[in-house]
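Colleague: Dropping a structure here in structure tokens format, bear with me for questions.
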Amino acid sequence: MAAGEFSRLLVSHWRELHEKLRSQDEEIIIDGRSLSVASVVVCSRYGQSVAISEETAETIRRHTEMKYGELREGETMSGSWRPLSYDSAAPIKVTAVEHFQRAMVRDSHYGILSGDTDLDITHATRAFSSAIPLLDPMESTTMPESWVRAQMLVRANMLAYPSVGIRPSLLKKLAQLLNMDVVPRVPLRGSISGVGDMATHSYVGSVLAGKPSVQAWIGDRIQGGRRLVPADEALSYAEIEPTEMRAKEGLALLVGTSASAGIGSLAVHEAMCLAATAQVATAMAAEALCVADMCFHPMLSEVRPHGGQTECATNLRSFIEGSKLIVWESAKDEFMARSDRYAVRTSPQWLGPCLEDLGLAHSQILIELNSATDTPLIDPSSGQMIHGGNFMAKSLTSATEKIRQVCQSIGQILFAQCTEIINPTTNKGLPPYLVVDEPSQSGLFKSTDTLVAALQSELGFLGNPVGTHVQFAEMGFQAINSLSLISTRYTLTALDVLTQLAAAHIVALCQALDLRALHLQFLYALAPKFKFLTRRCLSECTNPTTPSIDEPGAEIAYDLWLSLSDRIHTTMHLDSRARFASALDYLQTSFLRYLPANSRSLEAVQQWNADCVHEACATYSTVRTRYLAKPDATPILGKASARCYAFVRKKLEIPFVGNDYFIQAERDDGTRLGSRVKYKTMGSMNSAVYESMRNGSFYGVIVECFEEV
């Protein structure tokens, strides 16, 4: 992958998606050749309408009639045309072919669906009929509607190939189902993706046929009127005539990879957005941990020119531009560069291969979206039936396995960054658990540390391959099968887990950046007071006149101030008074070297120590109260961090928090005027970021960062 390819792909994909969302009146044109991942996302998740191009419909009609136009009722069809493993050499009449098509669709309804069904077995299980379900019956056995819409769109696009051999009317009715938001109820499990996803596709075919034995969702989403009804009622609601399966239409609806390809499109969309988020989060972590800019030096990529590594380093250099927390020109201080930990220091080398894998996965899925994948296919030039294996979805398994591995890798680096930011031994001067209160009285982000560990552990399990668990099926006829739909399903689970981890990490990063900003404001406020007290003490011991900044004492005060600010960084695990007292006790010996060796100097330094501790405590309390009332870290942040921070703090209104906030939240019942408590728990803050990622609003901010690179 060439450097910059992922960013260009991400930005172009997002611009297309955003443009389609803004132009809801425009339809997605189905022609078998130009369906994009963005189109699948906006149709399946945001309900955009579709249409079959007239040119495509006419081409399909012409090629289908070329093959089937001469067949009439009662005529025979060549026995050489035998679908899949149905091994019969007997000639098949046209009527029998149509019956056979319907039978194949019907026989594929073997999936388990629980919950809202017409099935009543309470008479046989009376003693247990009141049992509370172990899982939600509907969600545990039924595909989400967005998955089914994605499958329907891709199925329509794959059927738009002239070589498939269906009537245009079937394609148009499939589009009508999408446009009327009639969504078949499809089992979550049961496909091995050998002859494609036959079981999954069969429920869509039976809804098109209006069979009361299957169900579909209908109704208005906005008004909350979605309900499950039998397929015949669903077609009546949408004013669609039931479809009679002709020629090989049943087979065309059943065989192929549209379910795996459609749902895989949703997965690669989420994965690309999360990979972009990981890069922005890494830039935020670099600032929160005050790393050296040397980590992203272009020379590193020049001597190891992997495309993904080069691109990631370029992005990170751009993201941190303007930051007042990064240690710039770190070559002058090699120790600072060496002390940076691997979760940020090696992030281009870690995330780079992930970007390359996602680029390949996107390419594989995009090709699949615009392919004919059923069997047999008709050779347009000769009309010959070609029995091949385009239904084998191994390329989709390959794509989704890569995405799931990427999820584990991204999760690992975000987990490492989050734990290092929370841990006072690794976070370069942040308080333990990111507390703004006294450390002895709070463990604010302690549970976040546990949360990300749990989520990353689950990602580690989900990162295992699915494709290595193939079992032969259909009495050995399907000796190999791809398991692509199972792999895709677990990939979406992994993406959901990673999204939760990323959301918790983003909340922790914003807290850490606020703590940095608070600390800098405290140092700015304390510095002149400390220098004045120091110069006064020097003057009392060496010069009775009023201290002046131009006197030699100013330089001593400045040197001592540098030592104090460094020392405070190493004692953040202590409560504020103890922290300041410890730092100033450490400075006493250094200060005494500048003073005459007498008892007066010793007494003066002791008084200086007490005055400085008092002033530091009072200043810190004042600055902390003021900053908590109106936190804003953006002036010290790089471009990307500032965008992300502003979204979390201003758009989502997630506050910089301390114990007082949650004490107030516990008592707030929402009835008092002027209540400022929007989030009652840390979990609700994490959930808000998570929801903004799932609905796409957060990713809009992330893509803006890439557009600036």
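The values are calculated or read from the model by the stated rules, or taken from the named source; none is laboratory data. Computed from a predicted model, the values in this text were never measured in an experiment. Don't worry about glycine lacking a Cβ; one is built from the backbone with ideal geometry, like all the others, and counts go over all protein chains shown.
Colleague: For the structure I just gave you, tell me whether V154 is buried (at least 20 other Cβ atoms within 10 Å of the Cβ) and touching a Phe, Trp or Tyr at 6+ places or on another chain (Cβ under 7 Å).
Modeller: Numbers: buried (at least 20 other Cβ atoms within 10 Å of the Cβ): yes; touching a Phe, Trp or Tyr at 6+ places or on another chain (Cβ under 7 Å): no.
Answer is no for this residue.
Colleague: Continuing with the same structure: Keeping to the stretch 592-630, report how many residues are under 56 Å from the mean Cα position of the chain (by Cα) and outside any helix (DSSP H, G or I).
Modeller: 1
Colleague: So, one more: Just give me the residues in the stretch 456-493 being free of Cβ contacts under 8 Å to residues at least 40 places away in the same chain, of a type outside the set (A, V, I, L, M) and part of a loop (DSSP other than H, G, I, E, B), in sequence order.
Modeller: N464, F472, G476
Colleague: Please go through the stretch 4-60 and pick out each residue that is hydrophobic (A, V, I, L, M, F, W, C) and over 21 Å from I367 (Cα atoms). It would help to see each step written out before you state the result.
Modeller: Of the stretch 4-60, the ones hydrophobic (A, V, I, L, M, F, W, C) are 6, 9-11, 14, 17, 21, 28-30, 35, 37-38, 40-43, 50-52, 57, 60.
Scanning the stretch 4-60 gives L21, A57.
Colleague: Also, I was wondering about something else. For the stretch 139-154, which residues satisfy the criterion of being over 17 Å from A234 (Cβ atoms) and assigned to a helix (DSSP H, G or I)? Outline the logic, then answer.
Modeller: To start, the set of residues in the stretch 139-154 that are over 17 Å from A234 (Cβ atoms) comprises 139-141, 144, 146-147, 150, 153-154.
If the condition is that a residue be over 17 Å from A234 (Cβ atoms) and assigned to a helix (DSSP H, G or I), then E139, S140, T141, S146, W147, A150, L153, V154 are the ones that fit.
Colleague: Return the only residue of S590, S576 being buried (at least 20 other Cβ atoms within 10 Å of the Cβ) and of a type in the set (S, T, Y). I'd like the intermediate steps shown before the answer.
Modeller: Numbers: S590 fails: buried (at least 20 other Cβ atoms within 10 Å of the Cβ).
So the residue among S590, S576 that is buried (at least 20 other Cβ atoms within 10 Å of the Cβ) and of a type in the set (S, T, Y) is S576.
Colleague: Exactly one condition in (1) outside any helix (DSSP H, G or I); (2) closer than 30 Å to Q279 by Cβ is not met by A640; state its number.
Modeller: (1)
Colleague: Any chance the stretch 522-545 includes a residue that's out of contact with any helix residue (DSSP H, G or I) (no Cβ under 7 Å at 6 or more places or on another chain) and farther than 30 Å from S601 by Cβ? First the steps, then the outcome.
Modeller: From the stretch 522-545, those out of contact with any helix residue (DSSP H, G or I) (no Cβ under 7 Å at 6 or more places or on another chain) are 524, 528, 532, 536, 542-544; that's our starting set.
Next cut, farther than 30 Å from S601 by Cβ only: none.
No: the stretch 522-545 contains no residue that is out of contact with any helix residue (DSSP H, G or I) (no Cβ under 7 Å at 6 or more places or on another chain) and farther than 30 Å from S601 by Cβ.
Colleague: Let me ask something additional. Given the criteria at pLDDT 85 or above, among the β-branched types (V, I, T), crowded, with 19+ Cβ neighbours inside 10 Å and outside the structural domain of I506 (by TED's automatic domain parsing), does T619 qualify?
Modeller: Values: at pLDDT 85 or above: yes; among the β-branched types (V, I, T): yes; crowded, with 19+ Cβ neighbours inside 10 Å: yes; outside the structural domain of I506 (by TED's automatic domain parsing): yes.
Yes.
Colleague: For the stretch 24-35, give me each residue that is touching a Lys or Arg at 6+ places or on another chain (Cβ under 9 Å) and buried (at least 17 other Cβ atoms within 10 Å of the Cβ).
Modeller: To start, the set of residues in the stretch 24-35 that are touching a Lys or Arg at 6+ places or on another chain (Cβ under 9 Å) comprises 26, 28.
Passing the criteria: only I28.
Colleague: Residues of the stretch 526-535 being crowded, with 18+ Cβ neighbours inside 10 Å and either closer than 17 Å to T570 by Cα or of a type outside the set (V, I, T) (or both), which ones?
Modeller: Residues of the stretch 526-535 crowded, with 18+ Cβ neighbours inside 10 Å: 526, 530-531, 533-535.
Hits for the stretch 526-535 are L526, F530, K531, L533, R535.
Colleague: From the set of residues in the stretch 643-682 that are among the hydroxyl-bearing types (S, T, Y) and modelled with pLDDT of 85 or more, which is farthest from P439 (Cα to Cα)?
Modeller: Our first condition is that a residue be among the hydroxyl-bearing types (S, T, Y); within the stretch 643-682, this holds for 645, 661, 671, 675, 679, 681.
Next cut, modelled with pLDDT of 85 or more only: 645, 661, 679, 681.
On the way: Y645: 24, Y661: 16, Y679: 23, T681: 19 Å.
Ranking the candidates gives Y645 first.
Colleague: Could you list, in sequence order, all residues of the stretch 599-616 that are loosely packed, with under 15 Cβ neighbours inside 10 Å and either within 10 Å of L584 (Cβ to Cβ) or touching a Pro at 6+ places or on another chain (Cβ under 9 Å) (or both)?
Modeller: Passing the criteria: only A610.
Colleague: So K248 clears everything in (1) at pLDDT below 95; (2) of a type in the set (D, E, K, R); (3) under 24 Å from the mean Cα position of the chain (by Cα) except one condition, right? Which one?
Modeller: If we test K248 against (1) at pLDDT below 95; (2) of a type in the set (D, E, K, R); (3) under 24 Å from the mean Cα position of the chain (by Cα), just (3) comes out false.
Colleague: Condition first: more than 21 Å from G190 (Cβ to Cβ) and buried (at least 20 other Cβ atoms within 10 Å of the Cβ). Now tell me which residues in the stretch 211-239 satisfy that.
Modeller: I218, A234, L235
Colleague: Let me ask something else about it. Testing A267 on (1) of a type in the set (G, A, S); (2) buried (at least 24 other Cβ atoms within 10 Å of the Cβ); (3) not in a helix (DSSP H, G or I), one condition comes back false. Which one is that?
Modeller: (3)
Colleague: Scan the stretch 86-97 and give yes if some residue there is at pLDDT 75 or above and charged (D, E, K, R), otherwise no. Spell out how you get there, then give the answer.
Modeller: Within the stretch 86-97, the first condition is being at pLDDT 75 or above, and the residues that meet it are none.
No, that holds for no residue.
Colleague: Closer than 30 Å to Q607 by Cβ and either at pLDDT 95 or above or touching a Leu at 6+ places or on another chain (Cβ under 8 Å) (or both): is that true of L498 in this structure?
Modeller: Numbers: closer than 30 Å to Q607 by Cβ: no; either at pLDDT 95 or above or touching a Leu at 6+ places or on another chain (Cβ under 8 Å) (or both): yes.
Here the answer is no, as L498 does not meet what is asked.
Colleague: Give me the residue from the stretch 451-482 that is β-branched (V, I, T) and over 20 Å from the mean Cα position of the chain (by Cα) and, out of that set, nearest to F415 (Cα to Cα). Quick ask: steps written out before the conclusion?
Modeller: From the stretch 451-482, those β-branched (V, I, T) are 452, 466, 468, 470, 480; that's our starting set.
Then keep just the ones that are over 20 Å from the mean Cα position of the chain (by Cα); that gives 466, 468, 470, 480.
Values: V466: 24, T468: 28, V470: 32, I480: 37 Å.
If we take residues in the stretch 451-482 being β-branched (V, I, T) and over 20 Å from the mean Cα position of the chain (by Cα), then V466 is nearest to F415 (Cα to Cα).
Colleague: Something else: Among the residues of the stretch 332-353, are any within 20 Å of S482 (Cβ to Cβ) and in contact with a Ser or Thr (Cβ under 8 Å, 6 or more places away or on another chain)? Let's see the steps before the verdict.
Modeller: Here is the first cut: in the stretch 332-353, the residues within 20 Å of S482 (Cβ to Cβ) are none.
The answer is no; no qualifying residue exists.
Colleague: Is it fair to say G190 is on the phi > 0 side of the Ramachandran plot, surrounded by fewer than 24 Cβ atoms within 10 Å (Cβ to Cβ), in the same structural domain as C43 (by TED's automatic domain parsing) and free of Cβ contacts under 8 Å to residues at least 12 places away in the same chain?
Modeller: no
Colleague: Another question about this same structure. For the stretch 417-438, state whether one or more residues are closer than 30 Å to S265 by Cα and either free of Cβ contacts under 8 Å to residues at least 60 places away in the same chain or not charged (D, E, K, R) (or both).
Modeller: Checked against the condition, which is being closer than 30 Å to S265 by Cα and either free of Cβ contacts under 8 Å to residues at least 60 places away in the same chain or not charged (D, E, K, R) (or both), the stretch 417-438 yields at least one hit.
Colleague: Here is a further query. Within the stretch 321-337, how many residues are modelled with pLDDT of 60 or more and either surrounded by 14 or more Cβ atoms within 10 Å (Cβ to Cβ) or of a type outside the set (A, V, I, L, M, F, W, C) (or both)?
Modeller: Pass one, the stretch 321-337, residues modelled with pLDDT of 60 or more: 321-329.
Subset that is either surrounded by 14 or more Cβ atoms within 10 Å (Cβ to Cβ) or of a type outside the set (A, V, I, L, M, F, W, C) (or both): 321-327, 329.
So the answer is 8.
Colleague: Taking the conditions exactly as written (out of contact with any Lys or Arg (no Cβ under 9 Å at 6 or more places or on another chain), small (G, A, S) and not assigned by TED's automatic domain parsing to the domain that holds S371), does G196 satisfy them or not? Steps first, please.
Modeller: Details: out of contact with any Lys or Arg (no Cβ under 9 Å at 6 or more places or on another chain): yes; small (G, A, S): yes; not assigned by TED's automatic domain parsing to the domain that holds S371: yes.
Criteria met by G196.
Colleague: So the check is Cβ under 9 Å with 6+ separation or different chains; which pairs have a first residue in the stretch 29-40 that's under 17 Å from S163 (Cβ atoms) and a second one that's hydroxyl-bearing (S, T, Y) and part of a loop (DSSP other than H, G, I, E, B)?
Modeller: As it stands, the answer is I30/S53; D31/S53; G32/Y161; G32/S371; R33/Y161, since those pairs meet every condition given.
This table checks each residue for (1) modelled with pLDDT of 95 or more; (2) surrounded by fewer than 24 Cβ atoms within 10 Å (Cβ to Cβ); (3) within 30 Å of Q364 (Cα to Cα).
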position	(1), (2), (3)
G388	no, yes, yes
F391	no, yes, yes
G411	yes, no, yes
Q441	no, yes, no
